[in-house]
Amino acid sequence: MHLYQTLCNHQEKNRSSFHTPGHKNMAGAFPSDLLELDYTELPDTDSLYEAQGAILQAEHAAADLFHVKRTVFSAGGCTLCIQAMLRLAVPDGGKIIMGRVIHRSAINTLALLGIEPVWVLPRPDAGDGLPGRIYAQDVEQALRKEPGAKAVYLTSPDYYGVLSDIEGISEVCRRHRVPLLVDNAHGSHLWYVGEGLHPIQLGATMAADSTHKTLPVLTGGAWLQIAEERYTADVKEAMALFGSTSPAYPIMASLDLCVDWLQQGGQEAYGQLEERVARLKMLAWQNGIRQPLGACDPTRIALDMSSIGMTGKEGADYLRRCGIEPEMADGGYVVLIATPFNSEEDFVRLEQAIRQIPVASPLPTMKETSAPPASQVVSPRQAILGASETRPVFFSVGEIAAEAACPCPPGVPVVMPGERITEKAAEFLSTYGISYIKVLK
Ligand SMILES: Cc1ncc(COP(=O)(O)O)c(C=O)c1O
């Protein structure tokens, strides 16, 4: 009973959940019999990868709500949606233009499918210590340099809620006749925020939504959203290539229930959430806490604790002492995920913590968040699947990285698998506390 007991103990602390999942473990978020519906593929219950009955109908209801050509359920998280999306757009390998703010699920998929990335770097315009945004003109330039690229792939919003210019980038992709694939793990709810900020609404071809992060869905539930007919026929096959043959029915049922919940009150719930979070962010600014600049998800709370003299990790510990569990902390920032399932008491607790937070002089700002990318010597496939060994970072200069190395994992990797490790990269990694790295033997 180790894990079960640990979870019960954590629950007893009664911390306000500002982390995933989006349902916040709220009593009544799901019908009380949901876990009793843990069935399998039966003649009555349909089958995810060969859906013809209730699962297909539930997926169609979602697609109707979102006005997309196809919504496909995943009980294997957004990771499975990312794998399927890349398989559909780049089925037999080749080059792809990729934003360098990237989750490891995508890096691993490059290896599995033999895809070779051509990197586009974000411009650090969201503030110190943040990766920043991918710009349309940089994507345009990359596509001109690499006319054989089969797709453009990027992550937006990022962990801090920072949005890239999906509208501008999708326009560029349309002109170059390549699909735009968006890792929208943190933005499943964006249909209902602002004027509608979901990547599909802004012109993306496909988007992978980690639905469980921000919507009332059990952990592991995700949607692949497809805007173009030509990718719909093979989508189940693409998912089945990577997914478990035992997708959890309660997870899929929670995706189905979420569609109903959004239909009935999503717009209103998110309108209220935006307004509540805006007040909280204003209070944080008034207390001297910097936050990301420019276009951002209005519901994501990212607090730069370094602006009041704390590291992100110290800030997270402070919040825990105030009864709040954040989503993530790095060198400077604490990230909190707020959803309509947070109670007013959660927000009041967070506001009190912000009001009472000890304010000191800002820490020195982290101007650079990554080193310039080094040259790609072998493909990610050769690097990740090849024989490797672990080396101290300082004895790795000149070697070929067999893994991605990133000082703060949601940020821009300093080294990608297949790149030669430069002195600058090794110095950078050491400065940020990374002492070992896997290199090719
Ligand atoms: C940007 C990004 N993409 C993809 C994923 C993978 O999502 P999932 O955990 O639903 O597989 C994550 C998870 O944290 C993420 O942050």
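Any residue at all in segment 72-80 that's crowded, with 18+ Cβ neighbours inside 10 Å, without any contact (Cβ under 8 Å) to a residue 12 or more places away in the chain and either more than 16 Å from the ligand (Cβ to nearest atom) or closer than 28 Å to His103 by Cα (or both)?
Within segment 72-80, the first condition is being crowded, with 18+ Cβ neighbours inside 10 Å, and the residues that meet it are 72-80.
When the remaining residues are screened for being without any contact (Cβ under 8 Å) to a residue 12 or more places away in the chain, the result is none.
No; the residues of segment 72-80 include none that is crowded, with 18+ Cβ neighbours inside 10 Å, without any contact (Cβ under 8 Å) to a residue 12 or more places away in the chain and either more than 16 Å from the ligand (Cβ to nearest atom) or closer than 28 Å to His103 by Cα (or both).
Hey, does segment 388-395 have a residue that's within 23 Å of the chain's Cα centre (by Cα) and small (Gly, Ala, Ser)?
Residues of segment 388-395 that are within 23 Å of the chain's Cα centre (by Cα), as a first pass: none.
Scanning segment 388-395 turns up no residue that is within 23 Å of the chain's Cα centre (by Cα) and small (Gly, Ala, Ser).
Does Ala207 satisfy the condition of being over 22 Å from Lys95 (Cβ atoms) and within 17 Å of the chain's Cα centre (by Cα)?
No.
Residues checked against (1) modelled with pLDDT of 95 or more; (2) within 17 Å of Leu80 (Cα to Cα); (3) buried (at least 23 other Cβ atoms within 10 Å of the Cβ); (4) not charged (D, E, K, R):
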| site | (1), (2), (3), (4) |
| --- | --- |
| Lys145 | yes, no, no, no |
| Pro157 | yes, no, yes, yes |
| Val162 | yes, no, yes, yes |
| Thr214 | yes, no, yes, yes |
| Leu218 | yes, yes, yes, yes |
| Tyr231 | yes, yes, no, yes |
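Being within 16 Å of the ligand (Cβ to nearest atom) and either in a strand (DSSP E or B) or touching a His at 6+ places or on another chain (Cβ under 6 Å) (or both) is the filter here, so list the residues in segment 121-151 that pass it.
Arg133
Can you name the number of the only condition in (1) in contact (Cβ under 8 Å) with a residue 12 or more places away in the chain; (2) part of a loop (DSSP other than H, G, I, E, B); (3) assigned by TED's automatic domain parsing to the domain that holds Ile251 that Gln52 fails?
(1)
Of all residues being within 16 Å of the ligand (Cβ to nearest atom) and part of a strand (DSSP E or B) in segment 97-112, which is surrounded by the most Cβ atoms within 10 Å (Cβ to Cβ)? Just the residue, please.
The extreme case among them is Gly99.
Kindly list the number of the only condition in (1) closer than 30 Å to Val377 by Cβ; (2) touching a Cys at 6+ places or on another chain (Cβ under 9 Å) that fails for Ala62.
Among (1) closer than 30 Å to Val377 by Cβ; (2) touching a Cys at 6+ places or on another chain (Cβ under 9 Å), Ala62 violates only (1).
Determine, yes or no, whether Gly161 is within 13 Å of the ligand (Cβ to nearest atom), over 30 Å from Ala248 (Cα atoms) and touching a residue at least 12 places away in the same chain (Cβ under 8 Å).
Criteria not met by Gly161.
Identify, please: which residue in segment 283-325 is basic (Lys, Arg) and free of Cβ contacts under 8 Å to residues at least 40 places away in the same chain and is, among those, nearest to Tyr135 (Cα to Cα)?
Once the filter is applied, the top-ranked residue is Lys313.
Quick check on segment 193-202. Is at least one of its residues within 15 Å of Ala89 (Cβ to Cβ) and within 14 Å of the ligand (Cβ to nearest atom)?
Initially, segment 193-202 is screened for residues within 15 Å of Ala89 (Cβ to Cβ), giving 199-200.
Next, from what is left, pick out any that are within 14 Å of the ligand (Cβ to nearest atom): 199.
Looking through segment 193-202, at least one residue is within 15 Å of Ala89 (Cβ to Cβ) and within 14 Å of the ligand (Cβ to nearest atom).
Tell me, which residue of segment 212-228 that is among the hydrophobic types (A, V, I, L, M, F, W, C) and over 16 Å from the mean Cα position of the chain (by Cα) is nearest to the ligand (Cβ to nearest atom)?
Selected residue: Leu218.
Of all the residues that make up segment 118-137, how many are within 20 Å of Met416 (Cα to Cα) and more than 19 Å from the chain's Cα centre (by Cα)?
Number satisfying all stated conditions: 1.
Across segment 164-192, which residue is nearest to the ligand (Cβ to nearest atom) among those that are small (Gly, Ala, Ser) and buried (at least 21 other Cβ atoms within 10 Å of the Cβ)?
Result: Ala185.
For segment 312-366: of the residues being under 27 Å from the mean Cα position of the chain (by Cα) and polar (S, T, N, Q), which is farthest from Leu190 (Cα to Cα)?
Across segment 312-366, the extreme among qualifying residues is Thr365.
The values are calculated or read from the model by the stated rules, or taken from the named source; none is laboratory data. Predicted model only: the values in this text are computed from it and were never measured. Please note: Cβ atoms are built from the backbone with ideal geometry, for glycine as well, and neighbour counts cover all protein chains shown.
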